[in-house]
1. Over chain B, one equal point on each Cα, no solvent: what is log10 I(q)/I(0) by the Debye formula at q = 0.13, 0.21 Å⁻¹?
2. By how many nm would the segment from B:Glu15 to B:Thr78 lengthen if fully extended, with 0.36 nm per residue of separation less the alpha-carbon distance?
3. Computed on alpha carbon atoms, what radius of gyration and Dmax characterise chain A, expressed in Å?
4. Where does region A:11-62 land on the Kirkwood hydrodynamic radius, alpha-carbon pairs, in angstrom?
5. Name the residues of region A:79-109, by number, that are at least 30 Å² less accessible with every protein chain in place than in the isolated chain; the surface is that of heavy atoms, probe 1.4 Å, without ligands or nucleic acids.
6. Please report how far the C-alpha centroid of region A:1-23 lies from that of region A:53-115, rounded to the nearest whole angstrom.
7. Run the reach check for A:Lys3 against lysines, Cα to Cα strictly under 30 Å, same-chain hits fewer than 8 apart removed. What comes back?
8. Please report, to one decimal in angstroms, the Kirkwood hydrodynamic radius of the protein assembly as shown built from all distinct Cα-Cα pairs.
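The values are calculated or read from the model by the stated rules, or taken from the named source; none is laboratory data. Quick caveat, the model's predicted, so the values are computed rather than measured. These accessible areas exclude ligands, DNA and RNA; they are computed on the full protein's heavy atoms, side chains included. Shrake-Rupley method; radii C 1.70, N 1.55, O 1.52, S 1.80 Å.
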Amino acid sequence: DVKVTQSSRYLVKRTGEKVFLECVQDMDHENMFWYRQDPGLGLRLIYFSYDVKMKEKGDIPEGYSVSREKKERFSLILESASTNQTSMYLCASSLAGTSGNYEQYFGPGTRLTVT
Amino acid sequence: SQKIEQNSEALNIQEGKTATLTCNYTNYSPAYLQWYRQDPGRGPVFLLLIRENEKEKRKERLKVTFDTTLKQSLFHITASQPADSATYLCALDDSYGNKLVFGAGTILRVKS
(Lines give C-alpha, C1' and ligand atoms only; values in the text may rest on other atoms or scores of the structure.)
Protein backbone atom coordinates (compact mmCIF):
# COMPACT_ATOMS: atom_id res chain seq x y z
CA ASP A 1 0.00 0.00 0.00
CA VAL A 2 1.28 3.39 -1.06
CA LYS A 3 2.40 5.58 1.77
CA VAL A 4 3.55 9.12 2.45
CA THR A 5 4.37 9.86 6.06
CA GLN A 6 5.06 13.15 7.80
CA SER A 7 7.09 13.45 10.96
CA SER A 8 4.47 15.18 13.10
CA ARG A 9 0.70 15.65 13.00
CA TYR A 10 0.75 18.67 15.29
CA LEU A 11 3.60 21.04 16.08
CA VAL A 12 3.78 24.19 18.19
CA LYS A 13 6.82 26.44 17.81
CA ARG A 14 7.82 29.89 18.94
CA THR A 15 8.53 32.84 16.68
CA GLY A 16 12.10 32.81 15.46
CA GLU A 17 12.67 29.08 15.94
CA LYS A 18 14.06 26.94 13.14
CA VAL A 19 11.51 24.30 12.19
CA PHE A 20 12.03 21.06 10.29
CA LEU A 21 9.18 19.17 8.69
CA GLU A 22 10.07 15.74 7.35
CA CYS A 23 8.32 13.73 4.68
CA VAL A 24 9.06 10.16 3.60
CA GLN A 25 7.51 8.20 0.75
CA ASP A 26 7.87 4.49 0.07
CA MET A 27 6.79 4.42 -3.58
CA ASP A 28 10.12 5.22 -5.23
CA HIS A 29 8.55 8.38 -6.68
CA GLU A 30 10.78 10.91 -8.38
CA ASN A 31 8.63 13.97 -7.64
CA MET A 32 7.96 15.33 -4.19
CA PHE A 33 6.05 18.46 -3.18
CA TRP A 34 5.41 20.67 -0.18
CA TYR A 35 2.15 22.61 0.07
CA ARG A 36 0.50 24.74 2.68
CA GLN A 37 -3.23 24.86 3.06
CA ASP A 38 -5.13 27.76 4.55
CA PRO A 39 -8.91 28.26 4.75
CA GLY A 40 -10.32 29.75 1.58
CA LEU A 41 -6.97 29.68 -0.21
CA GLY A 42 -6.64 26.02 -1.08
CA LEU A 43 -3.33 24.27 -1.47
CA ARG A 44 -0.43 26.49 -2.42
CA LEU A 45 2.83 25.03 -3.62
CA ILE A 46 5.91 26.01 -1.63
CA TYR A 47 8.64 23.92 -3.25
CA PHE A 48 8.93 20.79 -5.30
CA SER A 49 11.70 18.41 -6.22
CA TYR A 50 11.95 16.16 -9.27
CA ASP A 51 15.15 14.39 -8.29
CA VAL A 52 17.62 14.00 -5.47
CA LYS A 53 19.33 17.30 -4.69
CA MET A 54 17.10 19.10 -7.21
CA LYS A 55 14.51 21.66 -6.15
CA GLU A 56 12.25 24.20 -7.74
CA LYS A 57 10.44 27.11 -6.17
CA GLY A 58 6.70 26.96 -6.12
CA ASP A 59 4.30 29.86 -5.75
CA ILE A 60 5.15 30.88 -2.18
CA PRO A 61 8.79 29.94 -1.36
CA GLU A 62 9.62 32.99 0.75
CA GLY A 63 10.63 32.07 4.28
CA TYR A 64 11.10 28.40 3.42
CA SER A 65 13.87 26.15 2.17
CA VAL A 66 13.98 22.46 1.32
CA SER A 67 16.38 19.57 1.26
CA ARG A 68 16.31 16.32 -0.66
CA GLU A 69 19.37 14.23 0.07
CA LYS A 70 17.69 10.88 -0.55
CA LYS A 71 14.99 9.96 -3.04
CA GLU A 72 12.46 8.96 -0.42
CA ARG A 73 12.86 11.97 1.88
CA PHE A 74 11.96 15.62 1.35
CA SER A 75 12.39 18.12 4.17
CA LEU A 76 10.83 21.55 4.55
CA ILE A 77 12.71 24.06 6.68
CA LEU A 78 11.38 27.25 8.19
CA GLU A 79 14.57 29.17 8.90
CA SER A 80 12.96 31.57 11.38
CA ALA A 81 9.34 30.75 12.06
CA SER A 82 6.83 33.58 12.02
CA THR A 83 3.17 33.66 13.05
CA ASN A 84 2.05 33.99 9.43
CA GLN A 85 3.50 30.53 8.81
CA THR A 86 0.88 28.98 11.06
CA SER A 87 -0.85 26.58 8.68
CA MET A 88 -1.46 23.00 7.61
CA TYR A 89 1.55 21.64 5.73
CA LEU A 90 1.05 18.80 3.27
CA CYS A 91 3.68 16.71 1.55
CA ALA A 92 2.95 14.79 -1.64
CA SER A 93 4.75 12.58 -4.12
CA SER A 94 4.16 11.43 -7.68
CA LEU A 95 5.81 9.65 -10.55
CA ALA A 96 8.08 11.64 -12.84
CA GLY A 97 6.79 13.37 -15.93
CA THR A 98 4.21 15.99 -16.73
CA SER A 99 2.70 16.78 -13.39
CA GLY A 100 -0.92 16.74 -14.42
CA ASN A 101 -0.72 13.26 -15.85
CA TYR A 102 0.07 11.58 -12.57
CA GLU A 103 -1.86 11.51 -9.36
CA GLN A 104 -0.25 12.91 -6.27
CA TYR A 105 -0.19 10.93 -3.05
CA PHE A 106 -0.47 13.06 0.03
CA GLY A 107 0.69 12.61 3.58
CA PRO A 108 -1.64 13.21 6.54
CA GLY A 109 -0.43 16.77 7.04
CA THR A 110 1.29 18.66 9.85
CA ARG A 111 -0.67 21.37 11.59
CA LEU A 112 1.94 23.92 12.62
CA THR A 113 1.17 26.68 15.08
CA VAL A 114 3.72 29.46 15.58
CA THR A 115 3.18 31.53 18.71
CA SER B 1 -4.80 36.79 -13.92
CA GLN B 2 -5.00 33.02 -13.53
CA LYS B 3 -7.80 31.65 -11.42
CA ILE B 4 -9.43 28.38 -10.45
CA GLU B 5 -12.88 28.77 -8.95
CA GLN B 6 -14.94 26.22 -7.11
CA ASN B 7 -18.27 26.81 -5.36
CA SER B 8 -17.28 28.73 -2.29
CA GLU B 9 -20.45 27.84 -0.44
CA ALA B 10 -21.07 24.36 0.86
CA LEU B 11 -23.33 22.11 -1.16
CA ASN B 12 -26.04 20.43 0.93
CA ILE B 13 -27.98 17.59 -0.66
CA GLN B 14 -30.23 14.76 0.36
CA GLU B 15 -29.01 11.18 0.40
CA GLY B 16 -29.72 9.40 -2.87
CA LYS B 17 -29.56 12.56 -5.01
CA THR B 18 -26.83 13.47 -7.47
CA ALA B 19 -24.27 16.00 -6.29
CA THR B 20 -22.74 18.24 -8.96
CA LEU B 21 -19.63 20.26 -8.19
CA THR B 22 -18.17 22.87 -10.51
CA CYS B 23 -14.60 23.86 -11.30
CA ASN B 24 -14.05 26.88 -13.55
CA TYR B 25 -10.68 28.17 -14.61
CA THR B 26 -9.35 31.34 -16.25
CA ASN B 27 -6.14 31.90 -18.20
CA TYR B 28 -5.00 28.30 -17.99
CA SER B 29 -4.78 25.80 -20.83
CA PRO B 30 -4.61 22.53 -18.94
CA ALA B 31 -3.93 19.25 -20.62
CA TYR B 32 -5.14 17.40 -17.51
CA LEU B 33 -7.60 18.00 -14.73
CA GLN B 34 -7.78 16.02 -11.50
CA TRP B 35 -10.26 15.72 -8.66
CA TYR B 36 -9.38 14.92 -5.07
CA ARG B 37 -11.35 14.25 -1.92
CA GLN B 38 -10.23 15.64 1.44
CA ASP B 39 -11.63 14.71 4.83
CA PRO B 40 -11.16 17.06 7.82
CA GLY B 41 -7.63 16.95 9.21
CA ARG B 42 -6.37 14.65 6.46
CA GLY B 43 -4.47 14.93 3.21
CA PRO B 44 -6.29 14.91 -0.14
CA VAL B 45 -6.93 11.58 -1.85
CA PHE B 46 -6.92 11.27 -5.63
CA LEU B 47 -10.22 10.34 -7.28
CA LEU B 48 -10.13 10.89 -11.04
CA LEU B 49 -8.01 12.32 -13.81
CA ILE B 50 -9.38 13.53 -17.13
CA ARG B 51 -7.38 14.60 -20.18
CA GLU B 52 -8.22 17.50 -22.48
CA ASN B 53 -9.19 15.16 -25.31
CA GLU B 54 -11.62 13.26 -23.07
CA LYS B 55 -15.08 14.69 -22.64
CA GLU B 56 -16.14 12.43 -19.80
CA LYS B 57 -14.73 9.89 -17.38
CA ARG B 58 -16.51 7.56 -14.99
CA LYS B 59 -15.53 5.52 -11.99
CA GLU B 60 -18.25 3.72 -10.08
CA ARG B 61 -20.65 6.46 -8.85
CA LEU B 62 -18.33 9.27 -9.96
CA LYS B 63 -18.40 11.10 -13.26
CA VAL B 64 -16.20 13.95 -14.43
CA THR B 65 -16.63 16.11 -17.52
CA PHE B 66 -14.08 18.47 -19.03
CA ASP B 67 -15.14 21.24 -21.39
CA THR B 68 -12.11 23.16 -22.68
CA THR B 69 -14.33 25.63 -24.54
CA LEU B 70 -16.27 26.59 -21.43
CA LYS B 71 -13.11 26.17 -19.34
CA GLN B 72 -15.03 24.09 -16.88
CA SER B 73 -15.10 20.68 -15.26
CA LEU B 74 -18.12 19.17 -13.57
CA PHE B 75 -17.85 16.46 -10.95
CA HIS B 76 -20.90 14.31 -10.28
CA ILE B 77 -21.60 11.84 -7.50
CA THR B 78 -24.70 9.79 -8.19
CA ALA B 79 -26.77 8.11 -5.47
CA SER B 80 -24.92 10.18 -2.88
CA GLN B 81 -24.41 8.86 0.64
CA PRO B 82 -23.56 10.57 3.95
CA ALA B 83 -20.11 8.97 3.64
CA ASP B 84 -19.53 11.14 0.56
CA SER B 85 -19.52 14.23 2.78
CA ALA B 86 -16.08 15.83 2.39
CA THR B 87 -14.28 18.66 0.64
CA TYR B 88 -13.64 18.09 -3.06
CA LEU B 89 -10.70 19.78 -4.76
CA CYS B 90 -10.07 20.22 -8.45
CA ALA B 91 -6.53 20.61 -9.75
CA LEU B 92 -5.07 21.28 -13.16
CA ASP B 93 -1.58 21.33 -14.61
CA ASP B 94 -0.02 24.72 -15.10
CA SER B 95 0.94 25.90 -18.54
CA TYR B 96 4.45 24.47 -18.21
CA GLY B 97 3.35 21.05 -17.04
CA ASN B 98 5.56 21.26 -13.99
CA LYS B 99 3.01 21.31 -11.25
CA LEU B 100 -0.61 21.08 -10.27
CA VAL B 101 -2.60 24.13 -9.28
CA PHE B 102 -5.46 23.50 -6.86
CA GLY B 103 -8.79 25.17 -6.35
CA ALA B 104 -9.91 26.05 -2.83
CA GLY B 105 -12.40 23.19 -2.76
CA THR B 106 -16.12 22.73 -2.26
CA ILE B 107 -17.60 21.27 0.92
CA LEU B 108 -20.24 18.64 0.21
CA ARG B 109 -22.68 17.61 2.93
CA VAL B 110 -25.00 14.69 2.27
CA LYS B 111 -27.87 14.41 4.72
CA SER B 112 -29.72 11.19 5.43
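1. -0.45, -1.14
2. 21.7 nm
3. Over chain A's Cα set, Rg and Dmax evaluate to 13.3, 39 Å.
4. With all distinct Cα pairs of region A:11-62 included, I get 12.9 Å.
5. Listed in order, they are A:Thr98, A:Ser99, A:Gly100, A:Asn101, A:Glu103, A:Gln104, A:Phe106.
6. Using only Cα atoms to place each centre, the spacing works out to 10 Å.
7. A:Lys13, A:Lys18, A:Lys53, A:Lys55, A:Lys57, A:Lys70, A:Lys71, B:Lys57, B:Lys59, B:Lys63, B:Lys99
8. 18.0
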